[in-house]
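Okay, so here's the structure we're looking at.
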Amino acid sequence: MRHTSAELLEFDRLRELLGRYVASPLGQRELERVAPLDDRPKVESLLAEAAEAIEYLKTAAQPQPAARGAAVRLRFSGLTDPAEALGKLRIEGAALEAKEIFALSGLLDRAADIRAVLVAVGQRFPKLAARGAAIGEFRGLLGEMSGKILPDGTVADHASPMLNRLRRDIDRQQRQIQESLERFLRVHREDGVLQEEYVAIRNERFVVPVVAGQQRRIEGVVHGASGSGHTLFVEPLETIQLNNELVGLREEEQREVRRILLELSDRLRQYLETVTRSVALLGELELVFAKAAFALEFGCSTPRFSPPEARRLALRDARHPLLEDVLRRQKRPVMPASLELGGETRTLLISGPNSGGKTVTLKTVGLLALMAQAGLPVPCGEAEFPFFDQVLADMGDNQSIQESLSTFSAHMTRIREMVERVTPDSLVLPDELGRATDPEEGGALGVAILDRFRASGAFTLASTHLVALKVYGANTAGVLNGSMGFDEETLQPTYVLRLGAPGKSAGLEIARRLGLSEGLLERARANLGTREQDLAKFLSELHQRLEETARVQAELKAEQQKLAARERSLAAEWERRETAKLKELERRCEVVLGKFEAQAREVIEKIAAASEQKKAQRSVARARRELREEFDATVLSTQADAREGELRAPKVAAGARVRLRNVREPGRVRRVIGEDALEVEVGALKMRVSRDEVLEVLPETAQGPRLPQGVSFRAGPEALTESREINLIGQRAEEATDNLDKFLDNAVLGGVQRIRIVHGFGMGVLRRAVHELLAANPNVDKFYAAPPSEGGAGATIAELKE
């Protein structure tokens, strides 16, 4: 974007506000790059990504099962900036320090975790998953480096076999030196040579403390003295060779450590480009989630851009984020603003009382436009913007003593630049147009300037106190007047933007509220011209009528909502009653079934033979199943059809088959007569009936034999021709035997000689029930456990009689 007026609209302060949600230097670096863009596809992509991040955070905040693909809130705190380490890796042969390798490994480990989480949620959040997938795959590299560098920045003993051996040798050498010096201390304990009995280290060599002046009594090398000079630190002659060997071992250790660090650095250097790209992606992802966190806290929405052929500026409940942040800390509410410009109307002229919120409204629109084109969600219920090429604003007192500019001169200088730069794709925000000069001349100049902006086709929001501009707004096509509210009783601005009428400045009322004496105010009113008094009175009456209209509209809307709620309540009540009827019908059917089962049990008890008893049980189960199927096919379907008939009025057309009230036979509609009458043919009888007589429209069905009333039809067994296996796993024994019995009937009809019954292992209940039924069935020749290739003891093979 060429000109953004970012300083006037406080975009830098907005960036600072967004910085509260950025925790790492990687995210801070990306935040510094946030600025309005002129690349529409890029901006729309950024906004879509932010919208997806908002949904991700909402999902992550809700309870979820702990499983792969769950949305987990990502943490970016603690990520370090590896720029210096990456710079070293670009130098061939350079080795990183151990702490740098440890920090970089930790960063790559975090990157791998973030990548795994985002890739797992790719189905629900594809844009975030694409970002995550672009992060390098470092699991193999991290596996190679795992544990070789310790958190304190030292190389671990097991980093290489050589280092492990050297450190064991060093430990052994130190123990030998310690034992030698302890023997030395015991020998000289009583001769007054030792200052104290302990072993110290000076210049990386083991020494003992000797009284100053007594060193000649001991053969050795002095490596230093205490601060008081009373103690000398002497390396005894017998430990010099041991210390020399220890120094040599430590030098070898340092060379091995250096080799390991160089090896690890070379391994990281192979991934340099991937690491660099992944580090940048971590910063970008942190910024995306910072936008989402900001949006959730400030109740933001994702703005959209209107098409070039139908440019539109529409805001619903827009709030200035910086002002909202301040008022939140003061626990005060912020008043949102709503407006809409589009088509031929692209200019909004806002007037109203001083300190009433005119400038804040202009700043809100300007800042939100910059936020939208920077890819940021905006604090608004709903927002639609044209895609602007520049935002031109003039706000505040720009006078300059150094440049010899008065307030008016600075104002006009800025306005001249805006007039020269304005294009049809600009957003123009002049505050207090025509200010700081004679009101009559300022009004005339303001009208000319505002008309120039209107003619350019730019979207313009201007504020003013000048009568000439208010009249211009009322009489000019394409210009919409707006006003900031003012409470006549409390003499306080309401900060509410109303569209459609200009507002009065209420300067005298505000001066009275601020404590100006009544005498001065009376004199001021006397000096007002008749025209100004009439205009003020007219505006006051106009606003009262607008308030009354708004109140009536609010009441009408409330009544509509009440009616809608009542309609929903009636529908719910009807649904409840119908559900109760269905439940009652089901209850009665259950009672009938219960009586039937009780009678069947009595019959079973009279049968003596066990085989006959089993046959009777199967007969009862089959009869109960048949009765249940008949119930589902007739009673419930009839109830559902009746319910649908009440919910949906039948659609009748010529040729339709219909059922009429009090007429047994169905008829056919010959023709439709007007809105309410039909001519229907029933057999050889033709009659004229009203639409209300039609109970239902019958479907066209193939002609077939008609069944008497109260008689239903259910298909019998079908010949089994394809499947020769039945799976009973998961069924109760009674249900399984019913299904198996029906399956055997179908198999016999189909001429099948061998079937496989899968019943599983379990506790053996289902297998016993299957075997009992097969043993009692006259069509079964023999049955046995299936071979291992067909399920073993978990299945049974039955061979049927020919």
- FRET efficiency for Thr59 and Arg189, using Cβ-Cβ distance with R0 set to 60 Å, rounded to 0.05: 0.20
- Message: Please list log₁₀ I(q)/I(0) at q = 0.15, 0.18, 0.20, 0.32 Å⁻¹ for the range 334-374, using the Debye equation with identical point scatterers on the alpha-carbon positions.
- Response: -0.44, -0.63, -0.76, -1.20
- Which residues' amide hydrogens lie under 5 Å from the amide hydrogen of Ala656, considering only partners 5 or more residues apart or on another chain, with H built in the peptide plane? Val669
- Message: Rounded to the nearest percent, how much of the accessible area of the range 153-263 (1.4 Å probe, protein heavy atoms only) is carbon and sulfur?
- Response: 47
- Message: Within 10 Å of each candidate Cβ there may be at most 16 other Cβ atoms; applying that plus a DSSP loop requirement, which trypsin sites (Lys or Arg not before Pro) in the range 94-148 survive?
- Response: Arg124
- Taking a probe of 1.4 Å and leaving out DNA, RNA and ligands, the range 1-155 shows per residue an accessible area in Å² of 51
- Query: Which value, in debye to the nearest 20, describes the size of the charge dipole of the range 23-154 about its Cα centre when Lys and Arg Cβ atoms bear +1, Asp and Glu Cβ atoms bear -1, and nothing else is charged?
  - Reply: 420
- Note on the structure: Under 5 Å from the placed amide H of Glu382, counting only residues 5+ away or on other chains, we find Arg316
- Item | Calculated from backbone phi, Karplus (6.51, -1.76, 1.60) coupling profile of the range 185-191 in Hz, x at Gly/Pro | 5, 5, 5, 9, 5, 9, 8
- Item | Stretchable slack from Arg332 to Ala444, in nm (0.36 nm times residue separation minus alpha-carbon distance) | 36.4 nm
- Query: Restricting attention to the range 251-357, which trypsin sites (Lys or Arg not before Pro) occupy a DSSP loop and are surrounded by at most 16 other Cβ atoms within 10 Å?
  - Reply: Lys331
- Message: Net charge within 15 Å of His223 by Cβ-Cβ distance, Lys/Arg positive one each and Asp/Glu negative one each, not counting His223 itself?
- Response: -1
- Task: Stick to the Cα atoms of the range 146-200, pair each with every other, and give me the Kirkwood hydrodynamic radius in Å at one decimal.
- Result: 13.8
- Task: Find the accessible area per residue for the range 183-237; the probe is 1.4 Å, ligands and nucleic acids are left out, and the unit is Å².
- Result: 59
- Message: Just to check I understand the Karplus step: with θ = phi - 60° and J = 6.51 cos²θ - 1.76 cosθ + 1.60, what whole-Hz values come out for the range 100-108, glycine and proline as x?
- Response: 5, 5, 5, 5, 5, 5, x, 5, 5
- Task: List, in the order given, every pair from Lys742/Lys782; Lys331/Lys358; Lys470/Lys557; Lys358/Lys470; Lys127/Lys291 whose Cα-Cα distance in the structure shown is over 24 Å.
- Result: Lys470/Lys557
- Task: Give a residue-ordered list of calculated ³J(HN,Hα) values for the range 148-165 (Karplus: 6.51 cos²θ - 1.76 cosθ + 1.60, θ = phi - 60°; whole Hz; x for Gly, Pro).
- Result: 6, 10, 8, x, 7, x, 9, 7, 5, 4, 7, 4, 7, x, 4, 5, 4, 5
- Taking only protein heavy atoms into account and a 1.4 Å probe, give the accessible area per residue of the range 333-398 in Å². 25
- Message: Starting from the 7 Å offset along Cα-to-Cβ, what nm value, one decimal, do you get for the label separation of Lys557 and Asp109?
- Response: 5.6
- Query: Amide H of Gln390: which non-local residues (sequence gap of 5 or more, or other chain) have their own amide H closer than 5 Å, using H built in the peptide plane?
  - Reply: Leu427
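The values are calculated or read from the model by the stated rules, or taken from the named source; none is laboratory data. Everything numeric in this text was worked out from a predicted model, so none of it was measured. A quick note on method: Cβ atoms are made from the backbone with ideal geometry, for glycine too, and the neighbour counts reach across all protein chains shown. Just so you know, the surface numbers come from the protein's heavy atoms only, side chains and all, with ligands and any DNA or RNA stripped out. Shrake-Rupley method; radii C 1.70, N 1.55, O 1.52, S 1.80 Å.
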